[in-house]
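To start, the structure itself, in structure tokens.
Read-outs: derived from the displayed coordinates by stated rules, not from any lab. Keep in mind that what you see is a predicted model, and the values were worked out from it rather than measured. Because the Cβ atoms are built from the backbone with ideal geometry, glycine has one as well, and the counts that use them run over all protein chains shown.
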Amino acid sequence: MTPEKLLASTLFECRGVHYSYQGRFPALNGIDLTITEGERVALVGANGSGKSTFLHLLDALIFPDRGTLIFSGEELTEASFLDAEFSLRFRRKIGLVFQNPEVQLFCPTVREDIAFGPLQLGIPEGKVKERLESLAQTLRIDHLLDRSPHQLSVGEKRKVAFATTMAIEPEVLLLDEPTAGLDPKTSTQLIEMLIQASHSGRTIVTATHDLHIIEDIADKVYVFGQDKRLAGSGTPAEILGNTALLQANNLIHIHPHHDRDHKVMKA
Ligand SMILES: Nc1ncnc2c1ncn2[C@@H]1O[C@H](COP(=O)(O)OP(=O)(O)OP(=O)(O)O)[C@@H](O)[C@H]1O
Ligand SMILES: [Mg+2]
């Protein structure tokens, strides 16, 4: 770990965080973890283990039922967002790319969707245009700018959704399954963008089922269990080396090869 990272301050502190939907469907059952400034974190776990819910809490779209979630020394509650100055500061600093890209695409054209966030946050038009052009070029979506987002392929939508969040230039990036449905080349380009973003000091929290990418995008991995508690944590190498933990949490499966006399392990 670099000296800067040792000195890094706490960004999010979760203590005993519980959340259930409509008070009936448990999604998180007491999560304790700390994320420091500039840290790269991966969240892995089976379907329904609470990864997306946890990202929604970090983005203050929802708030804990029990326990505390502290952001830069300030507890995140509905009341803290009544303070317009705090709310604007938080929204400028944190950007979430949703698991379902449709959620963040609602303008008639891709161009308007990418410009929407920064314009809402009061970024001058000239600057927004610069960001739009640069992102369109890096993500190779120039040819999609005048299309309707709803008519794009799933992978194209995911790239556009990623661009809408990157256009805010958030210091903290929350990514929910960013590589799902992307072709290998596009996936590699996106990972490279994330590596660059982290070199510029950004904090990156990624929920993913793609174990192949976690060594590139994370320093620390949290495994969410099917009981909606943390099942384990460690460096990517430690987690990837823990076959029993991965298997217990549906992250790898062992399936028999009927035509041969051995089993194949698949990540
Ligand atoms: N809107 C909702 N209403 C009711 N229950 C919900 C809602 N969204 C999620 N849940 C429940 O909360 C739990 C956690 O869901 P969540 O989407 O956070 O899991 P996840 O780890 O992101 O799963 P996946 O890997 O499939 O994306 C699940 O049991 C799910 O059924
Ligand atoms: Mg999810």
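A few points about this structure:
- Neighbour-count ranking [beta-carbon atoms within 10 angstrom, fewest first] of Glu78, Glu13, Glu130: Glu78, Glu130, Glu13
- Packing-based exposure ordering (other Cβ within 10 Å, fewest first) of Arg89, Arg24, Arg202: Arg24, Arg89, Arg202
- D by Stokes-Einstein for segment 47-136, Kirkwood Rh over Cα pairs, 10 °C, 1.306 mPa s: 105 µm²/s.
- For segment 8-266, the alpha-carbon radius of gyration amounts to 1.04 times the rule-of-thumb value 2.2 N^0.38 Å expected for a compact globular protein.
- Per-residue ellipticity at 222 nm computed for the chain from its helices equals -10000 deg cm²/dmol, with DSSP H segments shorter than 4 residues left out and the rest contributing -39,500 (n - 2.57).
- Most mobile of Ala46, Ala237, Ala115 in a GNM of the chain (Cα contacts under 10 Å): Ala237
- Most fluctuating residue given options Pro101, Pro178, Pro124, as computed from a GNM of the chain linking Cα atoms under 10 Å: Pro124
- Charge dipole (debye, nearest 20) of the chain; +1 at Cβ of Lys and Arg, -1 at Cβ of Asp and Glu: 360 debye
- Counting charges near Pro26 (Lys, Arg +1; Asp, Glu -1) among other residues having Cβ under 15 Å from its Cβ returns a value of +3.
- Local electrostatic count at Ser49 - Lys and Arg +1, Asp and Glu -1, tallied over other residues with Cβ under 10 Å: +2
- Antiparallel beta bridges, as assigned by DSSP with both residues in the chain, represent about 55 percent of the total such bridges.
- Counting lysine pairs in the chain whose alpha carbons fall under 21 angstrom apart, excluding pairs fewer than 8 residues apart on the same chain, gives 15.
- Likely footprinting exposure, Ser187, Ser87, fewest C-beta neighbours within 10 Å first: Ser87, Ser187
- Normalising the average separation of contacting C-alpha pairs (under 8 angstrom, six or more residues apart) by the number of residues puts the relative contact order of segment 8-266 at 25 percent.
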